[in-house]
Amino acid sequence: WIRTMDTQSGEDTVDIDLGGVSSSGEAIGALGDDIVTVLTGLELNVACFSEKVANFSNFVMHLETLGFELEGLDLEKEDNDVDNMDCVGKFLEFDLLCGVLGSEIVELDRFLDTLHAEIADSGERVASCKTWQDKLVDSEQCLRQSEMQFSEIKKQSASFERTLSSYKRRGNGM
């Protein structure tokens, strides 16, 4: 804290030292600009990850519904060719969508690793400023919530893969 006195009005004013941030929240200097850029980029990347996870939650719900429909169907017991083709079509859709989900999980895992590295790097950079540390903590908390959702998606994906393997072993999809 720096206390100054306005000589013309005689009033005391207080300026707050935020380690490179003015009391109005504006970054001061090249280091402050760099940290603000890094934190802003991190916040955007965490928001992007969170959005992708939310979208894949919806995608997983669709796959669950399709999986339940497949459980009710049995290729060997279908009465006619139309029902048989419908069953094969649903199986192929399920197979394809499980593959898409698996690929996206790999990509999101890589993105998550990158986010963790960015957070570690940012933690070192913001150590001198409470305001920036608070922003980093907020990003970490948001990421943790999305990570929990992502973990559930990965578990569901593994379950879908087991279901798919089961159908393939029984010969329903081939």
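Residues checked against (1) open to solvent by 70 Å² or more (accessible area, probe 1.4 Å); (2) modelled with pLDDT under 90; (3) within 17 Å of the chain's Cα centre (by Cα):
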position	(1), (2), (3)
53	no, no, yes
58	yes, no, yes
63	no, no, no
118	no, no, yes
146	no, no, yes
157	no, no, yes
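Of everything in segment 120-144 that is open to solvent by less than 80 Å² (accessible area, probe 1.4 Å) and not in a helix (DSSP H, G or I), the residue that is farthest from residue 110 (Cα to Cα) is 129.
If residue 124 satisfies all but one of (1) closer than 21 Å to residue 47 by Cβ; (2) modelled with pLDDT under 90; (3) acidic (Asp, Glu), what's the number of the condition it fails? Result: residue 124 fails condition (1) only. Being farther than 30 Å from residue 36 by Cα, without any contact (Cβ under 8 Å) to a residue 60 or more places away in the chain and either hydroxyl-bearing (Ser, Thr, Tyr) or not in a helix (DSSP H, G or I) (or both) is a condition met by at least one residue of segment 86-105. Contact annotation: residue pairs with Cβ atoms under 6 Å, 6 or more positions apart or on different chains, pairing a residue in segment 119-134 that is under 12 Å from residue 38 (Cβ atoms) and in contact (Cβ under 8 Å) with a residue 60 or more places away in the chain with a partner that is open to solvent by 60 Å² or more (accessible area, probe 1.4 Å) and not hydroxyl-bearing (Ser, Thr, Tyr), are 126/133.
The values are calculated or read from the model by the stated rules, or taken from the named source; none is laboratory data. Remember, it's a predicted structure, so these values are computed and weren't measured experimentally. Cβ atoms come from the backbone with ideal geometry, glycine included; neighbour counts cover every protein chain shown. Heavy atoms of the whole protein, side chains included, go into the accessibility calculation; ligands, DNA and RNA do not. Shrake-Rupley method; radii C 1.70, N 1.55, O 1.52, S 1.80 Å.
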